[in-house]
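Data first, discussion second: the structure below is written as structure tokens.
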Amino acid sequence: MQQLFKNIKGDKAIWAVVCLLALFSFLPIYSASTNLVYVVGNGTTIGHLIKHAALLFIGLFIIYGVHKIPYRYFRALSIIAMPVVILLLLITLAQGTTIGGANASRWIRIPFVGISFQTSTLAALVLLIHVARYLTKIKDKKVAFKETLLPLWLPVFVVLSLILPANFSTTAIIFGMVMLLCFIGGYPLKYLMSIIGAGIVCLALFVLTAKAFPGLFPNRVDTWISRVESFMDDADTESDYQIEKAKIAIATGGVVGLGAGKSVMKNFLPQSTSDFIYAIIVEEYGLVGALTLVFLYLLLLFRIVVVAHKAEDVFGKLLVLAVGLPIIFQAFINMAVAVELFPVTGQTLPLISSGGTSIWMTCLAIGVILSVSAKREEEVVEASAKATQKNKVEENPLEVLSEQL
Amino acid sequence: MPTTEKHILNRLYVIAGLIFVFAVAVVVKLVSIQTVDGDKYRELASERTVKNFTIEPNRGNLYSDDGSLLATSVAKYDIRFDALAPNSENFEKHIKPLSDSMSVMFGKSSSYYQNLFRKARATKNRYMLLSRNLGYTDYIRVKSFPLFNLGPYKGGIIVEQETKREYPLGKIAKRSIGYDRLSNPVGLEGAFNQYLEGKEGHRLKQKIAKGQWKPITDYNEVEPQDGYDVVSTIDVNIQDIAHHALLAQLEKYKADHGCVVVMDVESGEVKAISNLGRTENGKYYEKLNYAVGESHEPGSTFKLMSVIAALEDKVVDTNYVVDTEKGILTFYNRYKVRDSKWGGYGKISLSEAFERSSNTGIVKVIDKFYGDDPKRFVNRLYNMRLNEPLGLAIKGEGEPFIPHPNDKERWSGIALPWMAYGYGVQMTPLQILTFYNAIANNGVMVKPRLIKEVKEWNRTVMKFDKEVINSSICSQETIDKVKALLKNVVEKDHGTGHKLYSPNFSMAGKTGTAQKNYAAKDRQKLQYISSFAGFFPADSPKYSCIVVIHEPDKSVGIYGADVSGPVFKRVAQKIYTDSPVIDTVKDLEKPNPSVEEKYRAYYSKVQNHSNIIPDVEGMSGMDAVSILENLGVKVKVVGNGKVRKQSVKSGSKINKGQTIVLQLS
């Protein structure tokens, strides 16, 4: 055990938050799995629990493995991974799984393991690291818009256009994250505006093409439109039905909730183990549970900011934010969907929702963040070792304080 | 584009701040859902997911007076077949023996059932009806058939249980027993519904999914309370007799409808009540409760009331001679009272007028003595409670009607003479019977009762005792006189009911043949109501009975004695032959003095005479033989009865093997 803790590097608070969330996730997952078992008729409750445990265990292993990698290697990795990701996206799109007639080719099955893999989440991670790398590269020079087009925006455009037909919300979120990262990374604002404009034009073109030639290629344009419409108007639709159930769950939860496993709405909410798990958590654990969860994610955000702050170089900072902010965004978007602040998007609650890819990609991101923070620790240790050598007796108490932010 | 680390961090703080604001917004929205819209959604939650299930109580049983079941609730089973549940191997293996078993039980050929099962499997029928309303034993038998004995999941048998109300007597007294239906339950079932139905229980259940509901708690929120059992006064045997006697007569006379009620004189318990109405195809069934609900002009049966009023007021006596005026009496030059016999009966006594049912005779007497003061007559009737309903527990009792001279709208000059022979007044058969029963019961008018007791298992919840409406409707003297009149109706040769006379049993009563629709211009529409009300045995009445038959076929017969009387007679006769009065030994413990005396004499002789011949003269032959043989003497017996003479004198010594001859007589 001692040995294990010795080997764990990086921000201990992040480790703690991740473990807390992972441990907590068993409760709602086990409770809501009755929906999958008795309503959908899929597997057994114990089966779902064991599967979730296995996924989390592998996830923690991923975190451990990744955080041992010095973060400078991720620059090179993102360059290598980019073509692989694009290939995977092509395969995913090509196999064309449909849900209710609409294109939902989001997953590919990993051969032999038998686990579905949502390629877009991996693609998002790789793309953001790629953007962070590029922004670091151009940090010291003044760039013209034209010269950024090929190295920066071409990969973004290719990846997003491959995800878009099957998954608008993920595309939009990834696009938003890229914009955010560019904004933080000092990319000129006027260029960003043109890119946003171009993005909207592309989307409009896509929707119009899909509308004009419905049989041309599989897409989910109709689903998006109906979802957005249902968010805007009062008519009863499938999404409204889901949202209403989520709100019923939230309202019945009250302050302390019904108690673990006593959720009623879990049986009526589709996706109660993934997209709408927050509503189930509020129903079972009440406002207390809801606020705790919000607090944990905010704590995670705070530690990410701290890690970014402490990171010694621009790539370190941008890398942490590139992989860290999407987790936080995804978490709050998921919650916002449950309380009807946001249209139904199908974003999972990071580290809580079931679903292999979601957990693993989050773990990958956490591992990257920890890797950056672990590097910093090494430096601090080295620096303090030097400092101790210099002024043998006296230790500067401010040195420790400075570590806090 | 020189980007400093500070630059990055500043922008990061802005973004982090925005995320924090977003988080706050989520929390605010969440709290608002819980508080502002909370009630609405919580209500929706209970509306959508919680349901109050009703648990039906078991309905109580309805018993006859001797405890036989009239109505009970039993479990019935519907058997259905899920043709896709069994796998092919089981299906093919068992289909033949299963079809054979079905064939044996339900009669159709085995191949028919094989076809049925195969077709159901081919068409993927998962809910094929095989049999409805099976009793428990039949259901158990079907369940044990090949394939079905594998159970619902492997064998595909679907069993649905239902609680059905069963009437062991079938159509007999169906209307009086009534039936339990949601709206307007009728008969005893309806009248005593409040006792029989019990109270519903409630259980809250929560929807799980796909139409499945789970109970929220381990117990029922409200436990169902089973209905009480009701013991009625109906005697199954008498009911059976009355029903069939009435049915036979209705069929014979092709009458529209009729009813018969048998009542226990002393207690007022209704032993039988049968109402039969004609359907379009000429069959009869328990249609409406005519006996209780149908008020009609009684006709001649009402003459009893008139005569009693006159006798009670002592305006006439039974030997008063009245001129029947050649059979026609005219009032106001227009309104005529006719006798059924053309030309009338001449001058006859009041009793004969009653026995012959002379309309003119009775009307003339009443008109003569009450014409000046009709109030006196009507008040007398009112005193006997003839104008008041009985207040029965069964719903729908018809209102009696007797106009009063104070009621100017409904009273007229001819009201009194018309009333005297039963027109212009309305009574239900049960109300008339109650009056006749009071006469049989020596003036004590008891309320007819259909219910004896309400029970919960063996515990009595409520007991219904005899209820006296009027302890003395008239003097004993009057009663004795009219009882004789009623008896003479049957016994006297000139009595209208003499056709019913039988030397084997006695009965008393009054015939009635009332006209119906007499106001109609079309003589074809004129119909008759034939009735007979009375009691039996004539001298010490045990049962009273009324038979009313509406609209008999005029070509077959109309008179009360012909149409209704036979029903009455049949009921009386049957009750006598089918339910004999059984003498019971009241007190077995109490010694019979004469037997005791004989036993003592016998005992003393056995004790005292061990070697001499005892005196057995005067003893019964059986005793004498046993005493003597026990002493070792051979006994020869001549004749029967008591010992008259013994061949060996008492006191002489016994020789073993000696023979003694006893002469009995």
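The values are calculated or read from the model by the stated rules, or taken from the named source; none is laboratory data. Only a predicted model underlies this, so the values are computations on that prediction, with no experimental measurement involved. Note: ideal-geometry Cβ built from the backbone for every residue, glycine included; neighbour counts use all protein chains shown.
Between B:Tyr382, B:Tyr320, B:Tyr370, which is in the same structural domain as B:Gly443 (by the TED database) and out of contact with any helix residue (DSSP H, G or I) (no Cβ under 8 Å at 6 or more places or on another chain)? Exactly one residue qualifies, and that residue is B:Tyr382.
Scan the stretch B:30-42 for residues that are buried (at least 19 other Cβ atoms within 10 Å of the Cβ) and either under 60 Å from the mean Cα position of the chain (by Cα) or closer than 30 Å to A:Gly324 by Cβ (or both) and the total you get is 3. Within the stretch B:267-277, at least one residue is hydrophobic (A, V, I, L, M, F, W, C) and either modelled with pLDDT of 90 or more or not assigned by the TED database to the domain that holds B:Tyr423 (or both).
For every residue, the table says whether it meets (1) over 47 Å from the mean Cα position of the chain (by Cα); (2) in the same structural domain as B:Lys214 (by the TED database); (3) not in a helix (DSSP H, G or I).
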| residue | (1), (2), (3) |
| --- | --- |
| B:Leu44 | yes, yes, no |
| B:Glu47 | no, yes, no |
| B:Lys51 | no, yes, yes |
| B:Ser73 | no, no, yes |
| B:Ala83 | no, no, yes |
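With respect to the conditions (1) over 30 Å from B:Asn504 (Cα atoms); (2) at pLDDT below 80, B:Pro580 falls short on a single one, namely (1).
Taken over the stretch B:374-390, the criterion of being within 15 Å of B:Met427 (Cβ to Cβ) and surrounded by 18 or more Cβ atoms within 10 Å (Cβ to Cβ) is satisfied by B:Val378, B:Leu381, B:Met384, B:Arg385, B:Leu386, B:Asn387, B:Leu390.
Yes/no per residue for (1) surrounded by 23 or more Cβ atoms within 10 Å (Cβ to Cβ); (2) within 14 Å of another protein chain (Cβ to nearest Cβ); (3) at positive phi:
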| site | (1), (2), (3) |
| --- | --- |
| A:Ala123 | yes, no, no |
| A:Ile129 | yes, no, no |
| A:Ala144 | no, yes, no |
| A:Leu150 | no, no, no |
| A:Trp153 | no, no, no |
| A:Val158 | no, no, no |
| A:Ser169 | no, no, no |
| A:Ile173 | no, yes, no |
| A:Leu180 | no, yes, no |
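No other residue among B:Ala85, B:Ala25, B:Ala45, B:Ala71 is facing chain A (nearest Cβ under 9 Å), crowded, with 19+ Cβ neighbours inside 10 Å and among the small types (Gly, Ala, Ser) apart from B:Ala45. Here is the figure for the stretch B:5-22: residues that are facing another protein chain (nearest Cβ under 8 Å) and either closer than 30 Å to B:Gly201 by Cα or among the polar types (S, T, N, Q) (or both) total 0.
Applying the criterion of being more than 20 Å from A:Ile225 (Cα to Cα) and surrounded by fewer than 22 Cβ atoms within 10 Å (Cβ to Cβ) to the residues of the stretch A:237-256, the residue that is farthest from the other protein chains (Cβ to nearest Cβ) is A:Val256.
Exactly one residue among A:Ala132, A:Ala166 is in a helix (DSSP H, G or I), of a type in the set (A, V, I, L, M) and touching a residue at least 24 places away in the same chain (Cβ under 8 Å), and that residue is A:Ala132. Taking residues in the stretch A:137-151 that are within 18 Å of A:Lys190 (Cβ to Cβ), and partners anywhere that are basic (Lys, Arg), the pairs with Cβ atoms closer than 9 Å and at least 6 places apart or on different chains are A:Phe145/A:Lys190. Remark: B:Gly618 matches the filter, which requires a residue to be more than 30 Å from B:Phe505 (Cβ to Cβ), touching a Lys or Arg at 6+ places or on another chain (Cβ under 7 Å), modelled with pLDDT of 80 or more and exposed (fewer than 15 other Cβ atoms within 10 Å of the Cβ).
Kindly indicate whether B:Val292 is part of a helix (DSSP H, G or I), touching a Pro at 6+ places or on another chain (Cβ under 9 Å) and among the β-branched types (Val, Ile, Thr). Yes; evaluated as a whole, the condition is true for this residue. Listed conditions (1) under 25 Å from the mean Cα position of the chain (by Cα); (2) within 17 Å of B:Ser300 (Cα to Cα); (3) among the hydroxyl-bearing types (Ser, Thr, Tyr); (4) part of a loop (DSSP other than H, G, I, E, B) are all met by B:Thr496, apart from (1). Exactly one residue among B:Lys124, B:Lys108, B:Lys154 is among the basic types (Lys, Arg), assigned to a helix (DSSP H, G or I) and out of contact with any strand residue (DSSP E or B) (no Cβ under 7 Å at 6 or more places or on another chain), and that residue is B:Lys154. Take B:Ile33 and tell me if it is under 22 Å from A:Ile281 (Cα atoms) and either modelled with pLDDT of 85 or more or in contact with a Ser or Thr (Cβ under 7 Å, 6 or more places away or on another chain) (or both). So B:Ile33 passes the test.
Yes/no matrix, rows are residues, columns are (1) surrounded by 15 or more Cβ atoms within 10 Å (Cβ to Cβ); (2) away from chain B (no Cβ under 14 Å); (3) modelled with pLDDT under 85:
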| residue | (1), (2), (3) |
| --- | --- |
| A:Cys19 | no, yes, no |
| A:Ser31 | yes, no, no |
| A:Phe57 | no, yes, no |
| A:Thr97 | yes, yes, yes |
| A:Ile108 | yes, yes, yes |
| A:Gly114 | no, yes, yes |
| A:Thr119 | yes, yes, yes |
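Pairing each residue of the stretch A:245-261 that is closer than 13 Å to A:Leu291 by Cα with any residue that is not in a helix (DSSP H, G or I) and not acidic (Asp, Glu), provided the two are 6+ apart or on different chains, yields C-beta distances under 9 Å for A:Ile250/A:Val339; A:Gly253/A:Ser263; A:Gly257/A:Ser263. Among the residues making up the stretch A:182-202, those that are in contact with a helix residue (DSSP H, G or I) (Cβ under 9 Å, 6 or more places away or on another chain), without any contact (Cβ under 8 Å) to a residue 40 or more places away in the chain and either closer than 13 Å to A:Leu321 by Cα or away from chain B (no Cβ under 11 Å) (or both) are A:Phe183, A:Lys190, A:Leu192, A:Ile196, A:Ala198, A:Gly199. Restrict the check to the stretch A:310-320 and report whether at least one residue is closer than 23 Å to A:Leu20 by Cβ, touching a helix residue (DSSP H, G or I) at 6+ places or on another chain (Cβ under 9 Å), outside any loop (DSSP other than H, G, I, E, B) and within 14 Å of chain B (Cβ to nearest Cβ). Scanning the stretch A:310-320, I find at least one residue that is closer than 23 Å to A:Leu20 by Cβ, touching a helix residue (DSSP H, G or I) at 6+ places or on another chain (Cβ under 9 Å), outside any loop (DSSP other than H, G, I, E, B) and within 14 Å of chain B (Cβ to nearest Cβ), so the answer is yes.
Listed by position, the strands (runs of 3 or more DSSP E) inside the stretch B:191-276 whose residues that are surrounded by 16 or more Cβ atoms within 10 Å (Cβ to Cβ), among the aliphatic types (A, V, I, L, M) and out of contact with any Asp or Glu (no Cβ under 6 Å at 6 or more places or on another chain) number at least 1 are B:201-209, B:229-232, B:257-264.
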